[in-house]
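The values are calculated or read from the model by the stated rules, or taken from the named source; none is laboratory data. Given the structure is predicted, the values throughout are model-derived calculations rather than measurements. Cβ coordinates were reconstructed from backbone atoms using ideal geometry, including for glycine residues, and neighbour counts include every protein chain displayed.
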């Protein structure tokens, strides 16, 4: 028997073709963890209006951001997996996606069949929210296999150090008027029901500020992006903040996206293209993004160390329990 680590990211269409994007969106938007609406109300809306109109439009965005090797999210996630495996040669380290392939359940079953005892599940989302972690928990629990979860790492000192270093590397290169920490938004109803996501996002921003006393706190703004649908989501929205900053005479901005550890549609299309265009059209001058972790070996080493710590803590807990 040997230890195992399953890294999980959101997923991506099999290709940027409309039919594959439609299949991916249907799976993603049918998850009750993502859309908290009765299926009897939501599914007709999804199938009758959203998928027919959104699939082709999203396909054009995927086509613009697609790499020669495939989906950026998949390509960079695979690179992270390979780097973590290299750091943990005695472990079985694999990658799965909540939606699309490789499938969580099939991958987890294969790991156990190959000799992994109680694999560690590590979602590649620093902050916990039901909208991302809920689907992962559901699929893992459905296998009935023993496992250990690491649900977040937003407050881990090494992660904060890595993030702060990236922010400072970009910030000191230019005289920015504002630094925006932009997180993927979620429905406000989730927060009202006890989801800790907003607190963890704000704590991430504050931890980076504490690690960078040279960064003026009065230049820092926290915002949310990628809203979907008509329901209220966490604000302020990034697009609105960008326009408001220009109105205040702040025309040089740096955007940090801590909830995305790899480049994906949200960073490559929504931010680099759409939000950049909004900012420039509003009168802004300089719009830069701090790159996500992507292939940063320091981040992969951090994930490896996080898994080892969790494994050791679990082993210690079992040993203590057997003695009592």
Worksheet entry | Failed item, numbered, when residue 299 is tested on (1) more than 29 Å from residue 81 (Cβ to Cβ); (2) outside the structural domain of residue 185 (by TED's automatic domain parsing) | (1)
Worksheet item: Here are 167, 84: which of them is surrounded by 19 or more Cβ atoms within 10 Å (Cβ to Cβ), touching a strand residue (DSSP E or B) at 6+ places or on another chain (Cβ under 9 Å), in the same structural domain as residue 188 (by TED's automatic domain parsing) and not in a loop (DSSP other than H, G, I, E, B)?
Response: 167
Worksheet item: Does residue 114 satisfy the condition of being more than 30 Å from residue 182 (Cβ to Cβ), modelled with pLDDT of 95 or more and surrounded by 16 or more Cβ atoms within 10 Å (Cβ to Cβ)?
Response: no
Worksheet, complete the sentence: Across (1) in contact (Cβ under 8 Å) with a residue 24 or more places away in the chain; (2) within 22 Å of residue 273 (Cα to Cα); (3) surrounded by fewer than 19 Cβ atoms within 10 Å (Cβ to Cβ), residue 68 clears everything bar (1)
Worksheet item: What single numbered condition from (1) under 19 Å from residue 289 (Cα atoms); (2) surrounded by 20 or more Cβ atoms within 10 Å (Cβ to Cβ) fails to hold for residue 233?
Response: (1)
Worksheet item: If we only count helices (runs of 4 or more DSSP H) wholly inside the stretch 1-67, which ones have 2 or more residues that are touching a helix residue (DSSP H, G or I) at 6+ places or on another chain (Cβ under 8 Å) and over 30 Å from residue 299 (Cα atoms)?
Response: 18-29, 51-65
Worksheet, complete the sentence: Selection from the stretch 238-278 of residues without any contact (Cβ under 8 Å) to a residue 24 or more places away in the chain and within 24 Å of residue 206 (Cβ to Cβ) yields 240, 244, 248
Worksheet item: Only one of 290, 262, 246 is more than 16 Å from the chain's Cα centre (by Cα) and either over 30 Å from residue 88 (Cα atoms) or crowded, with 18+ Cβ neighbours inside 10 Å (or both); which?
Response: 246
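Among the residues in the stretch 39-52, are any within 23 Å of residue 259 (Cα to Cα), without any contact (Cβ under 8 Å) to a residue 12 or more places away in the chain and surrounded by fewer than 17 Cβ atoms within 10 Å (Cβ to Cβ)? Show your work before the answer.
Step one: list which residues in the stretch 39-52 are within 23 Å of residue 259 (Cα to Cα), which gives none.
No, the conditions are met nowhere in the stretch 39-52.
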Worksheet item: How many of the residues in the stretch 117-148 are out of contact with any helix residue (DSSP H, G or I) (no Cβ under 7 Å at 6 or more places or on another chain) and either at positive phi or at pLDDT 95 or above (or both)?
Response: 8
Worksheet item: If you take the residues in the stretch 176-193 that are within 14 Å of residue 127 (Cα to Cα) and free of Cβ contacts under 8 Å to residues at least 60 places away in the same chain, which one is farthest from the chain's Cα centre (by Cα)?
Response: 191
Worksheet item: Has the stretch 174-183 got at least one residue that is assigned to a helix (DSSP H, G or I) and surrounded by fewer than 20 Cβ atoms within 10 Å (Cβ to Cβ)?
Response: no
